[in-house]
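Student: Before anything else, here's the structure in question.
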Amino acid sequence: MIGTVLCYVLLPAARLLQALRDAFFTYRKNVLLAKSPSTQIEGVFAATRGRLVPEEQEALLQQWLEEGVGNLPASESVPAVRRVSVSLTSDWLEGSELLMTSLSDLNTSPEVTQCADQQHSELNALASSELQDHAVSELPRLPSEETVTVAGSAPWAAVVPQTDHQTAGCAGINVEVLNDDPAVLAWSLACDAETVPPVLPAQPIQDAVPFYPVPAEVPYHEILWRDWEDLSVQPLKQVSKNTSLFEFRVMSYNILAQDLVEQGLDLYVHCDPDILNWNYRLPNLLQEIQHWDPDVLCLQEVQENHYWEQLEPTFKEMGFACFYKRRTGTKTDGCAVCYKHSRFQLISLSPIEYFRPGLDVLNRDNVGLVLLLQPVLPEGLDVKAVSPLCVANTHVLFNPRRGDIKLAQVALLLAEIDKIARTTEGSYCPVILCGDLNSVPDSPLYKFIRNGELSYHGMPAWKVVSGQEDFSQQLYSRKLLAPLWPSSLGVTDKCQYVTLCQPKKPGRREYSRDFLLQFRFCDVACERPPQLVLLEGVTDAKPVASAREHSAVTAEPKRHNSLSFLGKQCSGVIQHGLNLTSVYSHFLPQRGRPEVTTMPMGLGATVDYIFYSAEPVESKAGECRRLYKDGALKLLGRLSLLSEDVLLMANGLPNPFCSSDHLCLLASFGLEISSL
């Protein structure tokens, strides 16, 4: 379909420069609009301040004027007003609609209409004048419609500029009409601060010089491009040629619950309301997940009604088996773990609720999921040839001031993983821990997960998640005291359940200390065995009251020994033995900047992680950072993350391309298949 637009632009040179700037900026936006899934992307163009766009426009204008001056006789001082009609193809009509609308609005405004009528009368006078014979002779030869095209590029709009002489005596043309578009208005305000060049002298121009399209703005998919990093070829990877691997992909993604968006709109003032709508966000999220095609999918902030009504049915069609755990209390979102039933079979499922009534350190509604999966091998291979895989997913409390709650929640999660992943031999099957931990790299909480130990006694609660906020200036900040949780929780200082940390020995009965103390003064206990050698002052005396008191006092230290599992926690030290390391390095060496997984209030941070089991390497004396190498579970690749400056170019998160305020994490693993 062909659309025809008729443009008459009568502006002085100073206003012409401003109009050209607005037109070029609007054209740039239209090109991106044609490629972008969103109809409102002003945020990107607001971030383009400081670029060389004005210089490019001024250079093109200068070229235009020079070519026009060189092609006209020197005697001419008034250019011919020509009727230029631009035909646009249907493919580009929608993308250039905003530019054409702005120009047409200019022609249809009352002020411009008055000027246009007066200009028609002036043209008639010019046509009858002998002084303008050359200009008038050119006018009849112009076809009624002139199609302007450029080979290999988008169509362009030819605009005939006018001089001050042509607008003399007319009502002032309101240039602000061009700025009805918000993006154009924002650009105009930015240009107002710049020095306006002096008004150019009136120069006759024979014909409109064609404007080739300005290079389009980089689209979102190019700004937010993420590379796949193949780690299987690194020299540290010790994969034998004869070793077969069960390869699979794991994705962790905080998809931003819609209820949380509507409850915290102040956090998303930089976003157009259209891209925050769930009907816009859902297709984007599903398309992203389907594109990366993970075998195991760990989601956070999954709204309950959206899960049951939309997400679970869609995931089942994609071949996933899904499990969901909603947050306790009145919260409407939770965590979900999905796996492809063609790749894994479920062995056990364990949902976790961190809320414990009466415990201040566990009084929040966060949850988690722990699954034990058995990989499905090709026919002819025994199921026991590959180890089961433990997958955990959680979303830890956000509150930056309550690091004690975060630490207790993670300890409870690790205790559940210890129970699920422990084998009958006492070792652990491979573990993958995903989630939004609301803690930055190198924070004490992160170090605890990675290094397996943390001395927390006396530490400020906010410092456990250092990086989210700094409350060091507060005089009375909350401090962590040992023990962090009471013994009634049933979790030891090694993040193990008390009932599982000391396995019973076969053929041996266990009695409590209180039960045995009931028999210390019975008749049998007070009789001296006949084979006992009589030693004066040692074995010749029977128990008396004073001796009973003495035995009660001496028995007191033994009571503490019986609760030795709380010894280290009383000293403020907690541990775990899962040997976990992070998939990501949290730094982009090629850019010299840290990685970012989210951008709250325009500030980038890493709070999302994928940890996996590895084998510790002996470190040098004095090194507190534990080193790892791949064991039975090998990291084969990962999807690169972005830096803060790149996300700022895309107006932060969410944006028309990424429909969550978090980036997804994706990693490829390989499980060794034994020769059995």
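The values are calculated or read from the model by the stated rules, or taken from the named source; none is laboratory data. Keep in mind that what you see is a predicted model, and the values were worked out from it rather than measured. Note that each Cβ is placed from the backbone with ideal geometry, even for glycine, and that neighbours are counted across all protein chains shown. What goes into the accessible areas is simple: the full protein's heavy atoms, side chains included, and nothing from ligands, DNA or RNA. Shrake-Rupley method; radii C 1.70, N 1.55, O 1.52, S 1.80 Å.
Student: Examine the stretch 377-385 for a residue that is open to solvent by less than 20 Å² (accessible area, probe 1.4 Å), at pLDDT below 95 and among the aliphatic types (A, V, I, L, M), and state whether such a residue exists.
Tutor: yes
Student: Then there's this: Collect the residues in the stretch 255-271 that are among the small types (Gly, Ala, Ser) and crowded, with 19+ Cβ neighbours inside 10 Å, keeping them in residue-number order.
Tutor: Here is the first cut: in the stretch 255-271, the ones among the small types (Gly, Ala, Ser) are 257, 264.
Scanning the stretch 255-271 gives a single hit, ALA257.
Residue-by-condition table, conditions (1) of a type in the set (D, E, K, R); (2) open to solvent by less than 40 Å² (accessible area, probe 1.4 Å); (3) modelled with pLDDT of 95 or more; (4) under 27 Å from LEU389 (Cα atoms):
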position	(1), (2), (3), (4)
PRO273	no, no, no, no
TRP278	no, yes, yes, no
PRO283	no, no, yes, no
LEU286	no, yes, yes, yes
VAL296	no, yes, yes, yes
LEU299	no, yes, yes, yes
VAL302	no, yes, yes, yes
HIS306	no, yes, yes, no
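Student: Also, I was wondering about something else. If I ask for residues that are of a type in the set (Gly, Ala, Ser) and modelled with pLDDT under 75, which ones from the stretch 446-487 would you list?
Tutor: Of everything in the stretch 446-487, those that are of a type in the set (Gly, Ala, Ser) and modelled with pLDDT under 75 turn out to be SER466, GLY467, SER472, SER477.
Student: Then there is this: Are any of the residues in the stretch 502-512 modelled with pLDDT of 75 or more and surrounded by 10 or more Cβ atoms within 10 Å (Cβ to Cβ)? Walk me through it before giving the result.
Tutor: Initially, the stretch 502-512 is screened for residues modelled with pLDDT of 75 or more, giving none.
Within the stretch 502-512, none of the residues are modelled with pLDDT of 75 or more and surrounded by 10 or more Cβ atoms within 10 Å (Cβ to Cβ).
Student: Since GLY319 meets every condition but one in (1) under 26 Å from TRP462 (Cβ atoms); (2) surrounded by fewer than 17 Cβ atoms within 10 Å (Cβ to Cβ), which condition does it not meet?
Tutor: Status for GLY319: all satisfied but (1).
Student: ASP333: surrounded by fewer than 17 Cβ atoms within 10 Å (Cβ to Cβ) and under 15 Å from GLU304 (Cβ atoms), yes or no?
Tutor: No: the conditions fail for ASP333.
For (1) in a helix (DSSP H, G or I); (2) open to solvent by 10 Å² or more (accessible area, probe 1.4 Å); (3) more than 23 Å from CYS501 (Cβ to Cβ), each residue gets a yes or a no:
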{"residue": "GLN374", "(1), (2), (3)": "no, yes, yes"}
{"residue": "LEU407", "(1), (2), (3)": "yes, no, no"}
{"residue": "ALA411", "(1), (2), (3)": "yes, no, no"}
{"residue": "GLY435", "(1), (2), (3)": "no, no, yes"}
